[in-house]
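Here's the structure, in structure tokens; my notes come after.
Nothing in this text is a laboratory measurement; each read-out follows from the coordinates by a stated rule. Given the structure is predicted, the values throughout are model-derived calculations rather than measurements. FYI the Cβ positions are ideal-geometry reconstructions off the backbone, even for glycines, and counts take in every protein chain you see.
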Amino acid sequence: MLSPTTLFPTIQVGDNTQPGEEHNVSTRPIHFQKTTTHNKPMHFQYLIIHCTATPAGRWVSPEDVKRWHTAPIPYGNGWKQVGYSDLILLDGSRHQFVKHNNDLTIDPFEITNGVAGINSISRHLCYVGGLDKTFHKAQDTRTLQQIETMLTIIHEVLTYAPNIKIAGHNQFANKACPSFFVPTWLKQLGIPEHTIEWRNLFR
Ligand SMILES: [Zn+2]
């Protein structure tokens, strides 16, 4: 896939980037915060998009995801909290694991376990899918209904937090999740430029 800087050479990558620094991604500060060391509201900074890493067309329920994340090891990850606030099912319906009070902070009760290091400043949104039918290859398997719901949620979040940045899990961890490059997709949709996070630590 073409990199975003190839597609959009004039775009500045990240908010602190100066012209000519586009390839110097790793030197920019991330301001990682441990989620376990505070119990006060934190400034809402990122909407992170994920996939369940399940094959195209396979039905996955909210209960499945909750079990994978919170059941004790070896049955699940043994986490105290599920990984995402919102899950978009195959048919486009939306399940909210965690209700947000839709303001500019992430309260302790709103924290979900999507990306180690930035959970206390992030909201996590996940669609069901992300692998091809053989279960081997990362693939953008979003159905039209899922894309519609994803856009609805993005718009909803931007309504109350218009200056957050939107990114994919794969921009913060060495993973394929969510099986597409979020900034390119957002750019094509005309999402406000300042809300697109181009940081890509693992390209
Ligand atoms: Zn993920």
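Brief remarks on what is shown
- Using R0 = 41 Å, the C-beta based FRET efficiency linking GLU148 and LYS40 works out to 0.70.
- When only alpha carbons of region 39-195 are considered, Rg and Dmax amount to 14.7, 44 Å.
- Phi angles across region 123-140 convert, under the Karplus curve 6.51 cos²θ - 1.76 cosθ + 1.60 with θ = phi - 60°, into 3J(HN,Hα) values of 10, 10, 10, 10, 10, 7, x, x, 10, 6, 5, 7, 6, 10, 10, 5, 8, 6 Hz, Gly and Pro given as x.
- Summarising the label geometry, the points placed 7 Å from Cα in the beta-carbon direction at GLN96 and ASP132 lie 3.8 nm from one another.
- Phi angles across region 149-154 convert, under the Karplus curve 6.51 cos²θ - 1.76 cosθ + 1.60 with θ = phi - 60°, into 3J(HN,Hα) values of 5, 4, 5, 4, 5, 4 Hz, Gly and Pro given as x.
- Applying 0.36 nm per residue to the separation of LEU104 and ASN163 and subtracting their alpha-carbon distance, the gain on full extension is 20.3 nm.
- Total charge dipole magnitude, region 39-195, about the Cα centre, Cβ charges on Lys, Arg, Asp, Glu only, Debye to nearest 20: 340
- Counting only lysines at least 8 places from LYS66 when in the same chain, those with an alpha carbon closer than 19 Å to its own are LYS80, LYS99.
- The radius of gyration of the Cα set in region 67-122, together with its Dmax, comes out at 12.3, 37 angstrom.
- Peptide packing for 90-101, 156-167, 110-121 was compared via the average number of neighbouring C-beta atoms within 10 Å per residue; ordered from the highest value, the list is 110-121, 156-167, 90-101.
- Charge tally for LEU104 (other residues, Cβ to Cβ under 13 Å; Lys, Arg +1; Asp, Glu -1): -2.
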